[in-house]
There are 2 protein chains.
Amino acid sequence: MSKKNNSVEVICPLDYAFRRIGGKYKGRILWYLKSNEVMRYGELKRAVTDITTKMLTQTLRELEEDALISRKVYHELPPKVEYSLTDEGAEMLPFIDYLRHWGAKQMEKREMVDLKC
Amino acid sequence: MSKKNNSVEVICPLDYAFRRIGGKYKGRILWYLKSNEVMRYGELKRAVTDITTKMLTQTLRELEEDALISRKVYHELPPKVEYSLTDEGAEMLPFIDYLRHWGAKQMEKREMVDLKC
DNA sequence: CAGTATCCCCCTAGATACTG
DNA sequence: CAGTATCTAGGGGGATACTG
């Protein structure tokens, strides 16, 4: 994130936006959070098929840094952490949703198996 | 493209869509094509700052394969090739635009220099 | 439960040279 | 003008083991 945001020069707003939500799992995470309002770490881990803990943590931190999601820690044992969309994150939903439909249409055209999200 | 589309298994429509328009330059190319209706290869090369011919060609081919742009070749000397949005490509514009605005807002918040697109 | 910490591979993208 | 063809580097992402 620091690299994406600082070291690598940003060309324009569109370029910036794509880098911020362009990770391999970001779209799906935002999407799952939409449907569930609030999700725990383990829940997300199960929802985002095949993601590793490393990538999940890393992606969640980037989304948090960009103020697209918020992270609430309950200091108890066992630990409990809840993730949810911020208002800004919710602003991305129309876009995400449109992409989903576009993707589904494309997959149908190409006769690919649609596993849904 | 063959790899992205075939070898690597697609998880869901959202995942698929992100791979298709998630390249480093795709958003900007679609955006420039919107403003100009039709653009020649060299024009695009100048518009998309710092892109190499290899990446430009590769990206244009992928967009064409996904039916987001069309490519018209004039068989004359010197060669002339024009690129334009398809109807399907044009369908992406509202969302590209949405992303641009979101990106601009974010950049302002972070006091980054906005070079426009 | 919710993460860290390493090690490592591969793929995207960049640099450079060449061509019908 | 509109591309190909190679070669290469960097970093995003994967696998695995460990922890407060």
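Values in this text are rule-based calculations from the coordinates and carry no lab data. In this text the structure is predicted, and so the values were computed from the model without any measurement. Cβ placement follows ideal geometry from the backbone for every residue including glycine, while neighbour counts extend to all protein chains displayed.
Quick look at the values:
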{"quantity": "Calculated log₁₀ intensity ratio I(q)/I(0) where the Debye formula runs over C-alpha points of the stretch B:14-95, q = 0.11, 0.13, 0.24 Å⁻¹", "calculated": "-0.26, -0.37, -1.25"}
{"quantity": "Among A:Val38, A:Val81, A:Val48: highest mean-square fluctuation, GNM of chain A, C-alpha pairs under 10 Å", "calculated": "A:Val81"}
{"quantity": "Label-zone membership for the stretch A:21-64, site A:Lys80, 7 angstrom Cα→C-beta point, backbone N under 14 Å", "calculated": "A:38-43"}
{"quantity": "Mean ellipticity per residue at 222 nm, deg cm²/dmol - from DSSP H runs of n ≥ 4 across the protein assembly as shown, formula -39500 (n - 2.57)", "calculated": "-15500 deg cm²/dmol"}
{"quantity": "Sites B:Asn36 and B:Lys105 - FRET efficiency at Förster radius 30 Å, r taken between beta-carbons, to 0.05", "calculated": "0.75"}
{"quantity": "Percent RCO, i.e. relative contact order, over the stretch B:60-117, from Cα pairs under 8 Å lying at least 6 residues apart", "calculated": "22"}
{"quantity": "The protein assembly as shown: C-alpha gyration tensor shape, a/c 1.5 cut-off, then a/b vs b/c", "calculated": "prolate"}
{"quantity": "Cα-projected label distance for B:Arg61 with B:Val73, points at 7 Å along beta-carbon direction, nm", "calculated": "1.2"}
{"quantity": "Relative contact order (percent, whole number), chain B, Cα cutoff 8 Å, 6+ residue spacing", "calculated": "24"}
{"quantity": "Inter-site label distance for A:Thr53 and B:Asp50 at 7 Å from Cα along Cβ, in nm", "calculated": "3.7"}
{"quantity": "Residue with peak Gaussian network fluctuation, chain B [Cα springs, cutoff 10 Å], from B:Lys34, B:Lys54, B:Lys26", "calculated": "B:Lys54"}
{"quantity": "Choice from B:Glu91, B:Glu76, B:Glu37 showing the highest fluctuation, given a GNM over chain B with Cα pairs closer than 10 Å", "calculated": "B:Glu76"}
{"quantity": "Shielding by other protein chains, B:65-74, mean Cβ within 10 Å", "calculated": "1"}
{"quantity": "Extended-chain gain in nm, criterion 0.36 nm per residue less alpha-carbon gap, A:Asp114 and A:Leu93", "calculated": "5.5 nm"}
